[in-house]
Every structure is written in C-alpha cells, then in structure tokens.
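The next block holds one structure in the form of structure tokens; read it before the comments.
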Amino acid sequence: MLAQEIIRAKRDGAALSVAQIEHFVRGLVDGSWSEGQVAALGMAVFLRGMSRAESVALTTAMMLSGRVMSWPDMPGPVLDKHSSGGVGDKVSLMLAPLVAACGGYVPMISGRGLGHTGGTRDKFDAIPGYSCTPSAELFDRVVRGVGCAVIGQTADLAPADGRFYATRDVTATVESVPLITASILSKKLAAGLQGLAMDVKCGNGAFADTPEMAQDLAQSIVEVANGAGLPTRALITDMNQVLGSEVGNALEMAEAIRYLKGEGVRDARLHEVTLALGAEMLLLGGLARDQAEAMAKLQQALDSGAAAERFARMVAGLGGPLDLMERPAAYLAAAPVIIAAPALRSGRLSAMQTRDIGIAIVELGGGRRKATDVIDFRVGLSGMRQLGEEIRAGEPLALVHAADLEAARRVVAQLQAACCLSEDGSGWQPAATILARVG
C-alpha cells in the first residue's frame, strides 16, 4: 500500500478504508510516512472531509497506536474535560482540582497550543520543576493520591496523534471537524476514562467560528465517543472575546491560582464556564443527582479551599514548588517589558477580533510558528477589558507583557486594531456564555 495512493484517494474525495487509515497511522508512528506526506493527507482531509465511519476508524487507530490506560480499583469515577481551544481559556487549570475535591479522579492528558489558541500543557510548563511527562507510575500515584494530575501527551500515549497534531499546527489544517475529533478522542479513550465533558468553543476566537461548525464538531465528538463506549456530553460556549482577563502561559497560570484562592473578583464568564463543565463531569460520574446539587458542590469546593489544596498537592506531587500557591510571583516568570495598550478613542468595547489577539500572543513568542519553537512563558496580556465595558481614550485595553519594547509596541498596535470601540454603544449586546448542550 503506497502513501501517495492513499493521499490521491482522499484528494479525489474517496472514503478511505480502515486498512488505508491504519496504514497511515502506522506510518505516523514508524516514520515510513514523510513529513510532506503527513501534511498532504492532512490537507486532503481538511478539504475533502471524512465520514463518521472514517472518523471512528482514525480515532480508534490512533488510540491503539500506543499504551491504553486502565484504572483498576479506583474508589471514584475517572472523569475528564477537554476544550476545542480558545484564547485565554484556562478552565482546565481550575477544573481538574475542583472535580477532584468533589470525589472525581481526573487523569488529564493535555495538549500544547494549536494555531492561535493556547495549550494547557504549555501553561503547566510555565511552573518550574513541574513534570508534564512523569513516569506512568508517578502519574498513577498522583491521580490516586490527589485526585487529579494534568500532564502532557506522553510518547507512549496515542503517539500517532502526537506527530499528526504537531504537523497540523504548522500547516493550516487545524480547523477540520474529523481531525479535531480524532485528535481529542484518541487521547481521551487511551486515558481509560468513564466520562468526558467537552467544551466546544464557538466564535471569532475559536476553530469553530460559526454556530453550524460548532454544532457539527460537538455532535461529532459526542457520537464518536459514545459509539466507542465513552459517555460524553458537550457544551458549546462563546469565544467571541478573550476568556478571563489574562492571556499567555504564566499569566493565565497566575489568574487560575487567584481564582482557586478566591483572590479578587472571579471573572463572571470564566466562572460560569468552569462550573457548567464541572457540573457535567459530576453528573457523568454519578457524584451529583442534578445540576443544582453539582453546582453547589463545586462552589463549596472553591469556598472551602479544598480545590486550591488539591491544586497545590498536584503541583508538588509532580515536582513543582511546594509553596506555589503562597508565592506564585516567585516562580512564574515575568516579562522584562510591560506597557499599556491605550484606547485610541472613548466608547463601549463592542467587539474584539479574538483570533487576531491569539495570533499576537504567538508573535510575541507565547505560541509556536513551527513545531520546534521554544515558548516564552512570560509574554502575553493582562487586565484585558471585556465586551460591554465603557473605556475612555487613553485608558488601557490591556497591559502587554513582552521580551522587548519593539515587540510590545507591535502588539499594542495589533490590540488596538482588534478592539472595536463604539461611541454610542451600538454593535454590542450581552451574549450568552453557554450557547448549547449536546448529548
């Protein structure tokens, strides 16, 4: 079976057989498919799509390309959450310890940043000493002892996806429903889960930039996952603005720590999404009878400090600082240049081009242009203003954190261009954060 013939078949719109898909996945793992061939098939799928049967075959083959975990004798349900990717989306950082504090066990296998969106793995890499690639024994011990462990994709877990994921990131083939579905679920099925809550982002800062694509992606993930024996529900959530007030790896980690500790006012949209997804996880795991009970348990875990305590234990258990929660500024690297991005006019912030803001973070060094790039954890935006806020000319839209002044000034201009201020308040009305539920 020749790689070029498989590429040709998909290029011409044919459905690939299980054997052809398995040949591709083997080639990803053993290197018999070149980088150019992997990229070519990715583009062919991006342009021609895949049937649900092809998606299931790709998901299953990538899941079986490495180790498949199991959790025998676990005293509670094994649960997880995944996001399709957004700008400022740090929900996973808080949600894993929150659900652990409510009796769930969360072995979260996280990804790196993809395209213009940030990655949970990169945010945890911002913590000095924290191991995103622990041994299987350490991962098992922390999950069982703490209730959660957030790590990166290990070399032996869905390795085919690891290579394909990196190639898609730098070849403009991210926004494909079957490829996103297979990438997410191959890792989640390999993690031995008993329930999965999916956050499908929708809007100008999401890969699913239309309600139709978001619905298609949510339906695809729910159907493929449930068909593979993993009970799954999806929420479609708004991504027409940055989620929370910080964007960038170390900055988002700092915001997550403040959220867990209850320092300051929790961002309303971030809090709503976090609790809504947490409630789905508790319901999937039988840890709450209804949504109201689930919400109450999650809020209690926050208010009592139980979630923050789980986070601290997880960080320490995976090699991070013992006192990160008490002294985050001592460990999370700060950028040498911080300047304000002033509003050029007065008015109500009525729209933002969220994807452009994500791209600006990548250009600062907070994401990758190519798979081998090293991330600068320090850079990003803080104090990001939210839609609907009244801003006077000269007031900051956000603070830009950069490695040098030239880069900071470029992002100031990009941010000013990405934010629309309306003098009369037109062009904006409050939008729902949770747009739909699937499953």
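The values are calculated or read from the model by the stated rules, or taken from the named source; none is laboratory data. Since the model is a prediction, treat every value here as computed from it, not as a measurement. We place every Cβ from the backbone using ideal geometry, glycine too, and count neighbours over all the protein chains shown. We work out accessible area using only protein heavy atoms, side chains counted, and drop any ligands, DNA or RNA first. Shrake-Rupley method; radii C 1.70, N 1.55, O 1.52, S 1.80 Å.
Yes/no per residue for (1) open to solvent by 50 Å² or more (accessible area, probe 1.4 Å); (2) assigned to a helix (DSSP H, G or I); (3) not polar (S, T, N, Q):
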{"site": "4", "(1), (2), (3)": "yes, yes, no"}
{"site": "21", "(1), (2), (3)": "no, yes, yes"}
{"site": "24", "(1), (2), (3)": "no, yes, yes"}
{"site": "32", "(1), (2), (3)": "yes, no, no"}
{"site": "43", "(1), (2), (3)": "yes, yes, yes"}
{"site": "67", "(1), (2), (3)": "yes, no, yes"}
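Counting the residues of segment 280-294 that are in a loop (DSSP other than H, G, I, E, B) and aliphatic (A, V, I, L, M) gives 2. Among (1) at pLDDT below 95; (2) over 19 Å from residue 403 (Cα atoms); (3) not acidic (Asp, Glu), where does residue 320 come up short? Only one criterion is unmet by residue 320, namely (1). Screening the candidates 351, 340, 335 for the property of being of a type outside the set (Lys, Arg), more than 29 Å from residue 128 (Cα to Cα) and in contact with a strand residue (DSSP E or B) (Cβ under 6 Å, 6 or more places away or on another chain) yields one hit, 351.
Identify, from the list 431, 417, 393, the residue that is in a loop (DSSP other than H, G, I, E, B), among the small types (Gly, Ala, Ser) and at pLDDT 95 or above. Checking each option against the conditions leaves just 393. Among the residues of segment 155-171, those identified as of a type outside the set (Asp, Glu) and open to solvent by 20 Å² or more (accessible area, probe 1.4 Å) are 155, 159, 162, 163, 165, 166, 170, 171.
Criterion applied to 216, 238 was being at pLDDT 95 or above and acidic (Asp, Glu), and the one residue passing it is 238. When we screen 9, 3 for residues that are touching a Phe, Trp or Tyr at 6+ places or on another chain (Cβ under 6 Å) and farther than 17 Å from residue 176 by Cα, the only hit is 3. Say we look at segment 126-137 and pick out the residues that are open to solvent by 40 Å² or more (accessible area, probe 1.4 Å) and touching a residue at least 12 places away in the same chain (Cβ under 8 Å); which of these is nearest to residue 179 (Cα to Cα)? Restricting to residues being open to solvent by 40 Å² or more (accessible area, probe 1.4 Å) and touching a residue at least 12 places away in the same chain (Cβ under 8 Å), the top hit is 133. In segment 399-419, the residues that are closer than 11 Å to residue 356 by Cα and in contact (Cβ under 8 Å) with a residue 24 or more places away in the chain reach residues that are part of a helix (DSSP H, G or I) and of a type in the set (D, E, K, R) with C-beta atoms within less than 7 angstrom, at least six apart or across chains, in these pairs: 414/356; 418/356. Can you confirm whether residue 80 is modelled with pLDDT of 90 or more, open to solvent by less than 10 Å² (accessible area, probe 1.4 Å), acidic (Asp, Glu) and out of contact with any strand residue (DSSP E or B) (no Cβ under 7 Å at 6 or more places or on another chain)? No, not satisfied. Pairs linking a residue in segment 270-290 that is farther than 17 Å from residue 237 by Cβ to a residue that is in a helix (DSSP H, G or I) and β-branched (Val, Ile, Thr), with Cβ atoms under 7 Å and 6 or more positions apart or on different chains, are 282/99. When the residues of segment 311-329 are filtered to those that are part of a helix (DSSP H, G or I) and open to solvent by less than 60 Å² (accessible area, probe 1.4 Å), the one that is nearest to residue 134 (Cα to Cα) is 317. Restricting attention to segment 357-373 and to residues that are in contact with a Gly (Cβ under 9 Å, 6 or more places away or on another chain) and charged (D, E, K, R), the residue that is farthest from residue 388 (Cα to Cα) turns out to be 373. For segment 45-65, taking the residues that are of a type in the set (Ser, Thr, Tyr) and under 24 Å from the mean Cα position of the chain (by Cα), the one that is surrounded by the fewest Cβ atoms within 10 Å (Cβ to Cβ) is identified as 60.
Residues in segment 300-348 that are among the basic types (Lys, Arg), touching a residue at least 60 places away in the same chain (Cβ under 8 Å) and more than 30 Å from residue 418 (Cα to Cα): 310, 313. Of all residue pairs spaced 6 or more apart or on separate chains, those with beta-carbon atoms under 9 Å, a first member in segment 156-172 that is under 19 Å from residue 136 (Cα atoms) and among the small types (Gly, Ala, Ser) and a second member that is open to solvent by 40 Å² or more (accessible area, probe 1.4 Å) and in a helix (DSSP H, G or I) are 160/26; 160/29.
If you go through segment 192-203 and keep only what is among the small types (Gly, Ala, Ser) and surrounded by fewer than 24 Cβ atoms within 10 Å (Cβ to Cβ), you end up with 192, 195, 203. Only one of the numbered conditions (1) touching a strand residue (DSSP E or B) at 6+ places or on another chain (Cβ under 6 Å); (2) open to solvent by 20 Å² or more (accessible area, probe 1.4 Å); (3) within 24 Å of residue 112 (Cα to Cα) is violated by residue 389, and that is (3). When residue 119 is tested against the conditions (1) open to solvent by less than 10 Å² (accessible area, probe 1.4 Å); (2) at pLDDT below 95; (3) out of contact with any Lys or Arg (no Cβ under 8 Å at 6 or more places or on another chain), the lone failure is (3).
Pairing each residue of segment 221-242 that is in contact (Cβ under 8 Å) with a residue 24 or more places away in the chain with any residue that is of a type in the set (Lys, Arg) and buried (at least 24 other Cβ atoms within 10 Å of the Cβ), provided the two are 6+ apart or on different chains, yields C-beta distances under 9 Å for 225/188; 230/188; 232/188; 236/201; 237/201; 238/201; 239/201. The residues of segment 403-419 that are within 12 Å of residue 340 (Cα to Cα) and among the polar types (S, T, N, Q) amount to a single one, 416.
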